[in-house]
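Below is one structure; the comments refer to it alone.
Nothing in this text is a laboratory measurement; each read-out follows from the coordinates by a stated rule. Owing to the predicted nature of the structure, the values given are computational and were not obtained by experimental measurement. Every residue, glycine as well, gets a Cβ built from its backbone with ideal geometry; the counts of neighbours run over all protein chains shown.
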Amino acid sequence: MGAHYTGAVMGMPYAIRAISLRWALLLIAVFCVLGATFASERVQVTVGLHILAPSQVSTLMALIVVAGAFLLTTLYTYWKVPTSTIQILVFCIVGTGSAADAAIAWPTIARLAVTWICAPLAAIGLGFACTKLLHRLQSPAWGLVGVGIAASFVLGANDVANAVGVWRTLNIANPMEAGFAGGAAMALGALTWGRRILHRVAFEIVDLDGATATAAQGVQALVVVVAVTQGLFTSMNQALIGAMTGAAVANQRPVNRRNLAGIVKGWLISPVSGFLFGFAVYRAAEALGAR
């Protein structure tokens, strides 16, 4: 996941050359670990305890969920499609739980779905407003690097549960240990394979200036951290693209509609592919006698 979300947290500073590629990836790695270690507990609880009852989740189910999230995210990253890893994970859980006839906490799914819808819409409005404000204030380049660092911290807090939330289900580690382990893996992903998405988000979606970029990155961090404090999590990419769109409109700059359309298609297939993977793989494993 660290590789998948580099563009979502440092795409804007890198786009206006406020930071080099090497330093962007390094800062993502460091602050992602910090966010995952110290600020991810509430989201871990949501993933691990509030979608399926822990008593109904077997080790096989947990393995299928994590494997599905990993494999699908890897494919989408290779194709340079910034999809929602969170939606993939949640619907891998739902698909696996459905195949295993486990009780699913649909109110939790509903709250997450509302968050997923509201977050990019809020980001559009805030991106527009913040861009207008920052044009008046003439925000410096270092301010953009600062909001990129904040977004990197939020990435760890928001997304590490995709990988280690099921550890809470199986009572493998405490939240800080799980967060650190997942955050370290995300850091490694960012450092080794993060350049593709970073470049795509920075240079292939929207033409940016300093105020536009700062507004987009800052709004994204704000929207996602609000969700995290409520024990919810939402797509870093959706929040960023929403903020970028609002900022670009405010600044009267062009948006690459073809790339946006491709990203939207990715968002739509994330829940479907996650559900189908979880359901089909669990049923196949069950048919082979695995438990």
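Run the numbers for Ala110 and Val30: contour at 0.36 nm per residue of separation, minus the present Cα-Cα distance, in nm.
25.5 nm
Using the Cα atoms as the points, what is the convex hull volume per residue of segment 6-287 in Å³?
In segment 6-287, the Cα hull volume divided by residue count equals 101 Å³.
How many nm separate the modelled label positions at Phe203 and Arg22, each set 7 Å beyond the Cα in the direction of the Cβ?
With each label placed 7 Å out from Cα toward Cβ, I get 1.8 nm.
Can you tell which of Arg200, Arg168, Arg257 shows the greatest fluctuation in a Gaussian network model of the chain with Cα springs below 10 Å?
Looking only at Arg200, Arg168, Arg257, the biggest GNM fluctuation is shown by Arg257.
How far is helix 21-39 tilted off the main Cα axis of the chain, in degrees rounded to 10, range 0 to 90?
50 degrees
Using 5 Å bins from zero, what percent of all Cα-Cα pairs in segment 161-209 falls into each bin?
Result returned by the calculation: 5, 19, 19, 14, 12, 12, 9, 7, 3, 1.
Evaluated at 4 °C with a viscosity of 1.567 mPa s, what Stokes-Einstein diffusion coefficient in µm²/s does segment 103-220 have when Rh comes from the Kirkwood expression over alpha-carbon pairs?
The calculation lands on 77 µm²/s.
Working from Cα positions, state the angle (0 to 90°, nearest 10) between the long axis of helix 210-229 and the longest principal axis of the chain.
30 degrees
What ratio of Cα Rg to 2.2 N^0.38 Å holds for segment 32-188?
This ratio for segment 32-188 stands at 1.16.
Dipole size in debye (nearest 20) for segment 6-287 around its Cα centre, Lys and Arg Cβ +1, Asp and Glu Cβ -1?
Using only the charged Cβ atoms, the result is roughly 700 debye.
Considering Cα pairs under 8 angstrom that are at least six residues apart, work out the relative contact order of segment 6-287 and quote it in whole percent.
Reported relative contact order: 40 percent.
Can you tell me the orientation of helix 161-170 relative to the chain, as the angle in degrees between its alpha-carbon axis and the longest Cα principal axis, to the nearest 10?
Roughly 30 degrees, rounded to the nearest 10.
Can you give the FRET efficiency to the nearest 0.05 for Val226 and Ile172, using r as the Cβ-Cβ distance and R₀ = 22 Å?
My answer for the efficiency is 0.15.
Using the C-alpha gyration tensor of segment 59-127, what are the square roots of 5 times its eigenvalues, in whole angstrom, with the largest one first?
Sorted largest first and rounded, they come to 25, 19, 6 Å.
Taking the Cα atoms of segment 165-265 alone, what are Rg (to one decimal) and Dmax (as a whole number) in Å?
Using the Cα atoms of segment 165-265, the pair Rg, Dmax is 16.5, 51 Å.
Report ³J(HN,Hα) in whole Hz for each residue of segment 98-115, in order, from the Karplus equation J = 6.51 cos²θ - 1.76 cosθ + 1.60 where θ = phi - 60°; Gly and Pro get x.
5, 5, 8, 6, 8, 6, 9, 7, 4, x, 5, 4, 5, 5, 5, 4, 4, 4
Using a Gaussian network for the chain with springs between C-alpha atoms less than 10 Å apart, which of these wobbles most: Leu27, Leu170, Leu232?
Leu170
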